[in-house]
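Have a look at the structure below before the remarks.
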Amino acid sequence: MVQLTTRERDLGAIILIALAVLGIAMAAAGRNDLLGIHGAMVLLYSLVLLFVLLSGAFGAPPSPGRLTRYYDDPIKIGVGLTLFWAIFGMFIGVWAAAQLAWPSLNFDTSWASFGRIRPAHTSGVIFGFGGNALITTSFHVVQRTSRARLADQLSPWVVLFGYNLFCLIAISGYFLGVTQSKEYAEAEWYADIWLVIVWVTYFILYVRTLARRKEPHIYVANWYYLAFIIVVAILHIVNNLAVPLSFAHAKSYTIWAGVQDSMVQWWYGHNAVAFFLTAGFLAMLYYYLPKRAERPIFSYRLSILSFWGITFFYMWAGSHHLHYTALPHWVQNLGMTFSVMLLVPSWASAGNALLTLNGAWHKVRDDATLRFIMMAAFFYGLSTFEGSFLAIRPVNSLSHYTDWTVGHVHAGALGWVAMITFGSLYTLVPAIWKRERMFSATLVEVHFWLALIGTLIYVFAMWNSGIIQGLMWRTYSPDDTLVYSFVDTLVAMYPYYIARTFGGLLFLIGAIVAAYNVWMTVRTPAAALSLDEDLPVIEHPGATPTPAE
Amino acid sequence: MPELMHKKLERSATGFMLAIIAAASVGGIVEIAPLFTIDDTVETVSDMRLYTPLELAGRDIYVREGCYACHSQMIRTLRDEVERYGPYSLAVESQYDHPMLWGSKRTGPDLARVGGKYSDFWHVAHLNNPRDVVPESNMPSYRWLGTTRLKLSDLPLALRAQRAVGVPYSDEMIENAAGDAYGQAMPDSEQSSGVTERYGEATQVSAFDAVMTNVTEMDALVAYLQVLGQLTRAAYENTAAPEQMPDPDN
Amino acid sequence: MALTHETLVEGSKMWGLFYLIGFSICVLIYTFLPSNRKRFERAEKEIFDEDDAPWK
């Protein structure tokens, strides 16, 4: 199934053996440190992959005919990994949310306490679920829009499994207490270095594939994927520059201090939102939306303008995380200005998506997959508006440090990122596995409503709790003293913390339904479509509409 | 000839990628680069002291346990925050913080000036089970800190790494890091005098967790919490008034 | 010392603004250049072409 040639197998084995040796070295050097545990994990991971690789070593050599097809095997594995991380990350999220309402749910263990599982949740969802979704869909989109097969057969696997090794090391580290505390960049130095290697491989593979394209023009979705790959590399390297205690220690100290560190951190943090959670997912939008709706994008030019707008403006906006802090005032104002300006390219993208659907609303009504994509565009518009609004200094004075920020992030993460991903997966899975449609349209429908209701409960709970707490913190009595102690404001939060746990739980159940549906789609044989094995298989959703029935 | 350039850009992926970098890098450069000359504008504070090895170890535990996920260490220049938590935070106060722990969420209160606000005993009781002292609290209990020995042997390396990123620890401080950490948590030991010698008279030497048999992670964390906001008096001498936000009730 | 905080701040703000304006003009020219029209129209529709196998 994997189609690797003997040479590629050998090369893969060499890489895995080198990785195993590295794991042994880490385990030995770090035997008195948590680094040792990670060394053992690297060793185990590479040995398992080596076993899988070698177990197919003596099969028949792949036919040369494979080069006339797209290389979809890594995409199939990627779909599975995406769904695994979705369920894992969301489960940890529900658990963390529950701990805020019922603090004894860490069962008095260190590894399950809120401060440790919170980064496991954010990284599990952003990097595990989001990252795998981006890599998987980018392999699909770049091949289809370039009319070219992936440039080689080994590097996609290096990217996919290398990236998941990063996720594994990073997230297991948080449970163990290995973290550098930079939000959304908590992974320690050795995981960061590994990610750079993986990312360079990804970049080279992507550009080589683009260079093989038969279309003269690079389709706009690839622009977004490329911006995602390039800018995330820049952000990742700059933010994670650090000096470890030694090569035998997991712990390191960032080279940035105080104010500079805060600015670098939120320049990274906000642009992780921009280029990880927005650019890459807009790429999905610009491919899977027209594809699913069977309508060309409303305005291609608008997509170009908003691309450059987003690429340019976002980089300035990070300082709005630091309003009223010790960061110099002019940087705060600059961040605010650009955050407000960002609304223009953001709404241009959201509007472009919704206008594409104009005239096809009956499809949105009938097809839950398309409705996922439509709702994602809607939530994208909503959360970018909210983002610009919250970046305004006086508004931020109320919202900052409260659950309003958490609600805003989840409007984006659940409503935009997760919904566009599920919409894309429901389009991608039948196409890749040559099925006419998903196993069950009803389950897609069920998932849609679970996701939507879950998101709404979550976001409304956090809006309420955030605004209430923000107002309570600044309420003065007539004789000019603060009315509420901090604990008073915490007590007011409990009902909302319970509500948000429930909302998150609905969303998690939706993801489990999705995984089941994908599993059944893959397992159900595709009798009708593969009539003749010798011919290129006919799979063009363009000609076979797949409404929910 | 922008059109010519753009046609080329369009054709070659390389040029296109350079354009992405050109568009994306400028914002960060403009906002971050000037911050490295910020020392010109921030007055130097003479009384600023360094974290002792025990406090640094406590800070690392604070990082490890993810305390920053629920507690900020940044009092904003707003009246209600100043009245609730104390003088607003100054840039100079975190000049030796690698990384900064300003935080982004207050599920619990701000801790920038928590040092000295409660007794060591209160902190230990609170960390062992927050609900014993604050019944409404939703903070996890950190019982294992009091039973986990602090790893003293890594401290010289930690100070050396801190110096590599710019914190002015002396050779003497690095050499004595493990002993200083021990001494700070053992008031009657012979090592305890060295700590105040090297880090200043204001250094708090105390049996933080009230157990004198060994140095635990609880000692370190409480030592760190007790020094928050105490490294310099600069913020208390700062006279600029905070900003007043409109009161929703008026 | 010529490179003080103030001059650096002024310089970076001014340079940033000019950069922004220049960049926007380039993007607008590229987007609305008549000779690019065909390219974009093709791009709008290209994804609907048969995509069951790479092109020769």
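The values are calculated or read from the model by the stated rules, or taken from the named source; none is laboratory data. In this text the structure is predicted, and so the values were computed from the model without any measurement. FYI the Cβ positions are ideal-geometry reconstructions off the backbone, even for glycines, and counts take in every protein chain you see. Note: areas computed on protein heavy atoms with side chains; ligands, DNA, RNA excluded. Shrake-Rupley method; radii C 1.70, N 1.55, O 1.52, S 1.80 Å.
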If I filter segment A:291-308 down to residues being closer than 25 Å to A:R365 by Cβ and of a type in the set (K, R), which single residue comes out as most open to solvent (accessible area, probe 1.4 Å)? A:R295
Quick check on A:L327: is it of a type outside the set (S, T, Y), open to solvent by 10 Å² or more (accessible area, probe 1.4 Å) and more than 30 Å from A:A293 (Cα to Cα)? no
Those residues that are open to solvent by 10 Å² or more (accessible area, probe 1.4 Å) and not small (G, A, S), I need them from segment A:152-163; list them, please. A:D152, A:L154, A:W157, A:V158, A:F161
Meets criteria (at pLDDT below 95, in the same structural domain as B:V63 (by TED's automatic domain parsing) and either hydroxyl-bearing (S, T, Y) or within 22 Å of A:S252 (Cα to Cα) (or both)) for B:G166: yes
Apart from one, (1) surrounded by fewer than 24 Cβ atoms within 10 Å (Cβ to Cβ); (2) among the aromatic types (F, W, Y); (3) farther than 27 Å from A:G466 by Cβ all hold for A:Y288; the odd one out is (1)
Which listed residue is at pLDDT 95 or above, open to solvent by 10 Å² or more (accessible area, probe 1.4 Å) and of a type in the set (G, A, S), from A:S110, A:S172: A:S172
Given the conditions (1) within 7 Å of chain B (Cβ to nearest Cβ); (2) open to solvent by 30 Å² or more (accessible area, probe 1.4 Å); (3) within 21 Å of the chain's Cα centre (by Cα), report the number of the one that A:I237 does not fulfil. (1)
If you take the residues in segment B:148-164 that are touching a Ser or Thr at 6+ places or on another chain (Cβ under 7 Å) and in contact (Cβ under 8 Å) with a residue 60 or more places away in the chain, which one is surrounded by the most Cβ atoms within 10 Å (Cβ to Cβ)? B:L150
Residue that is farthest from A:S262 (Cα to Cα) [pool: residues in segment A:330-353 that are among the polar types (S, T, N, Q) and buried (at least 24 other Cβ atoms within 10 Å of the Cβ)]: A:S349
Of the residues A:P103, A:P74, which is surrounded by fewer than 21 Cβ atoms within 10 Å (Cβ to Cβ) and either modelled with pLDDT of 90 or more or at negative phi (or both)? A:P103
Which of the helices (runs of 4 or more DSSP H) contained wholly in segment A:364-463 include at least 2 residues that are more than 23 Å from B:S72 (Cβ to Cβ)? A:368-390, A:419-432
Say whether the condition of being modelled with pLDDT of 95 or more, in the same structural domain as A:H249 (by TED's automatic domain parsing) and polar (S, T, N, Q) is met by at least one residue in segment A:158-169. yes
Could you list all residues from segment A:246-285 that are closer than 30 Å to B:L155 by Cβ, hydrophobic (A, V, I, L, M, F, W, C) and open to solvent by 20 Å² or more (accessible area, probe 1.4 Å)? A:F247, A:A248, A:I255, A:W256
Is one or more of the residues making up segment C:23-45 modelled with pLDDT under 80 and either more than 7 Å from every other protein chain (Cβ to nearest Cβ) or open to solvent by less than 90 Å² (accessible area, probe 1.4 Å) (or both)? no
Checking the condition touching a Gly at 6+ places or on another chain (Cβ under 6 Å), at pLDDT 95 or above and more than 30 Å from A:F422 (Cα to Cα), which residue from A:G93, A:G89, A:G39 passes? A:G39
C:F18 fails exactly one of (1) facing another protein chain (nearest Cβ under 7 Å); (2) open to solvent by 50 Å² or more (accessible area, probe 1.4 Å), namely (1)
Go through (1) in contact with a helix residue (DSSP H, G or I) (Cβ under 8 Å, 6 or more places away or on another chain); (2) open to solvent by 40 Å² or more (accessible area, probe 1.4 Å) for B:S119 and report which single condition fails. (1)
Just checking, which of B:T232, B:T216 is open to solvent by less than 10 Å² (accessible area, probe 1.4 Å) and either outside the structural domain of B:R79 (by TED's automatic domain parsing) or within 23 Å of B:G146 (Cβ to Cβ) (or both)? B:T216
Just to verify a result, which residue in segment B:135-145, among those that are open to solvent by 30 Å² or more (accessible area, probe 1.4 Å) and assigned to a loop (DSSP other than H, G, I, E, B), is nearest to A:P103 (Cα to Cα)? B:M139
Can you tell me which residue in segment B:82-111 is surrounded by the fewest Cβ atoms within 10 Å (Cβ to Cβ), limited to those that are out of contact with any Pro (no Cβ under 6 Å at 6 or more places or on another chain) and more than 10 Å from chain A (Cβ to nearest Cβ)? B:G86
Pick from A:L47, A:L22: which is part of a helix (DSSP H, G or I), modelled with pLDDT of 95 or more, open to solvent by 80 Å² or more (accessible area, probe 1.4 Å) and under 24 Å from A:G177 (Cβ atoms)? A:L22
